[in-house]
Amino acid sequence: MLAGAAPLVAAIPLAGVAVGPSLARGARETSIPSGAAHSHAAMVGQAVPAPGGPHDLDDLLYPPPARPARAGQVHEYEISAIDRQIEVAQGVFFDAWTYNGTVPGPIIRATEGEVLRVAFHNGGEHPHTIHFHGIHPANMDGVFEIVNPGDSFTYEFAALPAGMHVYHCHSTPLKKHIHKGLYGVFIVDPPKPRPPAQELVMVMNGFDTDGDGENNFYTVNGRAFFHSRYPIRVSRKQTVRIYLANFTEFDLINSFHLHGDLFRYYPTGTTDRFEHTDTVMQCQGERGIVEIDFSHTGLFMFHAHQTEFAELGWMGFFDVHDGAPGS
């Protein structure tokens, strides 16, 4: 693994940062508040040191749409373990173990009671598995069914229960397999669809890029400062629903804090009970559903409320507008 860099926020003279338009999916030019160049909000726009282009994380940020439940419906996925380098911060690379080449892995989605069939091939150099959270038979648990390099295994079970779940490798040493990137989100929709919303997936994670057992960068969906450079454009006219999960190794907790509003938080998403708050903490492997009905338009920051995490990459912005969702 390549050595990490100094905190990127500290490395940039904020007063001199030029701000630019939001280029996220469906985005138009973002209006930067007056005086932003001399404040914390200067960490927004094209000069922010985030790797990649504006649509690079679309497949990880935007889940596939929920589908109507059909008796006997089988949802098939193909997942391969792949060893590859990923750029987690500008010019900083990490030797990852991935599902289908990304960290986190692909979003898996089914409706409660439908059959999920996942054909897993281990194309990496180490033994791996897939362990799904939720309800399934013992021989589909991904603990004893070790898949050696070059081998394959098919997981098949009914998707239960409705809620926000995750999956990850369960080979030992477990913390290494997870920290290296073998995890993803598993959404199970209820038979009666949830109300329409602008849906997003956010997986909080960290990267130890110098091998000392401590994280050098913190991100959502694998790239530091990405949504500061490319704010997420959403409409005030429809609920924003975030499937939020934490896979940060080497730190006991991570957190999500929203500026300027409160949200409903449904732990694990399995019941209608929620907490009304602007900050939520999650331990490793914990997850839940966040629903936001924005009161105002404009740029609203979101970030970890551990200051160090935010300064090392885990921060971004919503660009809230008054147009139709998706515009």
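The values are calculated or read from the model by the stated rules, or taken from the named source; none is laboratory data. As the structure is a prediction and not an experimental result, all values here were calculated from the model. Neighbour counts run over all protein chains shown; Cβ positions are idealised from the backbone, glycine included.
With the structure loaded, tell me whether D278 is closer than 22 Å to P190 by Cβ, modelled with pLDDT of 95 or more and surrounded by fewer than 23 Cβ atoms within 10 Å (Cβ to Cβ) or whether it fails that test. Walk me through how you get there before you give the answer.
On the way: closer than 22 Å to P190 by Cβ: no; modelled with pLDDT of 95 or more: yes; surrounded by fewer than 23 Cβ atoms within 10 Å (Cβ to Cβ): yes.
For D278, the condition - closer than 22 Å to P190 by Cβ, modelled with pLDDT of 95 or more and surrounded by fewer than 23 Cβ atoms within 10 Å (Cβ to Cβ) - is not met.
Report, ordered by the first and then the second residue, all pairs with beta carbons closer than 6 Å, sequence separation of six or more or different chains, a first member in region 68-92 that is surrounded by fewer than 13 Cβ atoms within 10 Å (Cβ to Cβ) and at pLDDT 90 or above, and a second member that is among the acidic types (D, E) and part of a strand (DSSP E or B).
Pairs that qualify, where the first residue is surrounded by fewer than 13 Cβ atoms within 10 Å (Cβ to Cβ) and at pLDDT 90 or above and the partner is among the acidic types (D, E) and part of a strand (DSSP E or B), are Q85/D95.
Kindly indicate whether any position in region 150-158 is in contact (Cβ under 8 Å) with a residue 40 or more places away in the chain, among the aliphatic types (A, V, I, L, M) and either in contact with a Lys or Arg (Cβ under 6 Å, 6 or more places away or on another chain) or not assigned by TED's automatic domain parsing to the domain that holds N254 (or both).
Yes: region 150-158 contains one or more residues that are in contact (Cβ under 8 Å) with a residue 40 or more places away in the chain, among the aliphatic types (A, V, I, L, M) and either in contact with a Lys or Arg (Cβ under 6 Å, 6 or more places away or on another chain) or not assigned by TED's automatic domain parsing to the domain that holds N254 (or both).
I'm checking my understanding of the structure. Among residues of region 200-227 that are over 12 Å from the mean Cα position of the chain (by Cα) and part of a strand (DSSP E or B), which one is farthest from F309 (Cα to Cα)?
F207
Given the conditions (1) outside any loop (DSSP other than H, G, I, E, B); (2) modelled with pLDDT of 80 or more, and given that A41 satisfies all but one, which numbered condition is not satisfied?
Single failed check for A41: (2).
Do you know which residues across region 56-86 are closer than 20 Å to I232 by Cβ and outside any loop (DSSP other than H, G, I, E, B)?
Those that are closer than 20 Å to I232 by Cβ and outside any loop (DSSP other than H, G, I, E, B): D58, D59, L60, L61.
Counting only residues that are in contact with a Ser or Thr (Cβ under 8 Å, 6 or more places away or on another chain) and of a type in the set (S, T, N, Q), which one in region 72-128 is farthest from G269 (Cα to Cα)?
Top of the filtered list is N122.
Does S171 meet the test of being in contact with a strand residue (DSSP E or B) (Cβ under 6 Å, 6 or more places away or on another chain), in contact (Cβ under 8 Å) with a residue 24 or more places away in the chain and surrounded by fewer than 16 Cβ atoms within 10 Å (Cβ to Cβ)? Please lay out each step first, then the result.
Working: in contact with a strand residue (DSSP E or B) (Cβ under 6 Å, 6 or more places away or on another chain): yes; in contact (Cβ under 8 Å) with a residue 24 or more places away in the chain: yes; surrounded by fewer than 16 Cβ atoms within 10 Å (Cβ to Cβ): no.
Answer is no for this residue.
Among (1) in contact (Cβ under 8 Å) with a residue 60 or more places away in the chain; (2) surrounded by fewer than 23 Cβ atoms within 10 Å (Cβ to Cβ); (3) within 30 Å of P173 (Cα to Cα), where does N216 come up short?
So the condition that N216 fails would be (2).
Just for region 276-287: of the residues that are assigned to a loop (DSSP other than H, G, I, E, B) and more than 13 Å from the chain's Cα centre (by Cα), which one is farthest from L60 (Cα to Cα)? Spell out how you get there, then give the answer.
Of all residues in region 276-287, those assigned to a loop (DSSP other than H, G, I, E, B) come to 278, 284-286.
Now narrow it down to the ones that are more than 13 Å from the chain's Cα centre (by Cα): 278, 284.
On the way: D278: 23, Q284: 19 Å.
Applying the filter and picking the extreme gives D278.
Can you tell me which residue is surrounded by the most Cβ atoms within 10 Å (Cβ to Cβ) among those in region 132-145 that are in a loop (DSSP other than H, G, I, E, B) and modelled with pLDDT of 95 or more? Even if it seems obvious, please write down each step before you answer.
First, pick out the residues of region 132-145 that are in a loop (DSSP other than H, G, I, E, B): 133-137, 141-145.
Filter again for modelled with pLDDT of 95 or more, leaving 133-137, 141-143.
On the way: H133: 17, G134: 20, I135: 12, H136: 18, P137: 10, D141: 16, G142: 23, V143: 12.
Once the filter is applied, the top-ranked residue is G142.
Considering region 238-275 alone, what residues qualify as being aliphatic (A, V, I, L, M), surrounded by fewer than 18 Cβ atoms within 10 Å (Cβ to Cβ) and part of a strand (DSSP E or B)? Steps first, please.
From region 238-275, those aliphatic (A, V, I, L, M) are 240, 242, 244-245, 252-253, 258, 262; that's our starting set.
Filter again for surrounded by fewer than 18 Cβ atoms within 10 Å (Cβ to Cβ), leaving 252-253, 262.
Scanning region 238-275 gives a single hit, I253.
Within region 288-324, work out how many residues are in contact with a Ser or Thr (Cβ under 8 Å, 6 or more places away or on another chain), over 27 Å from V166 (Cα atoms) and part of a loop (DSSP other than H, G, I, E, B).
Final tally of qualifying residues: 3.
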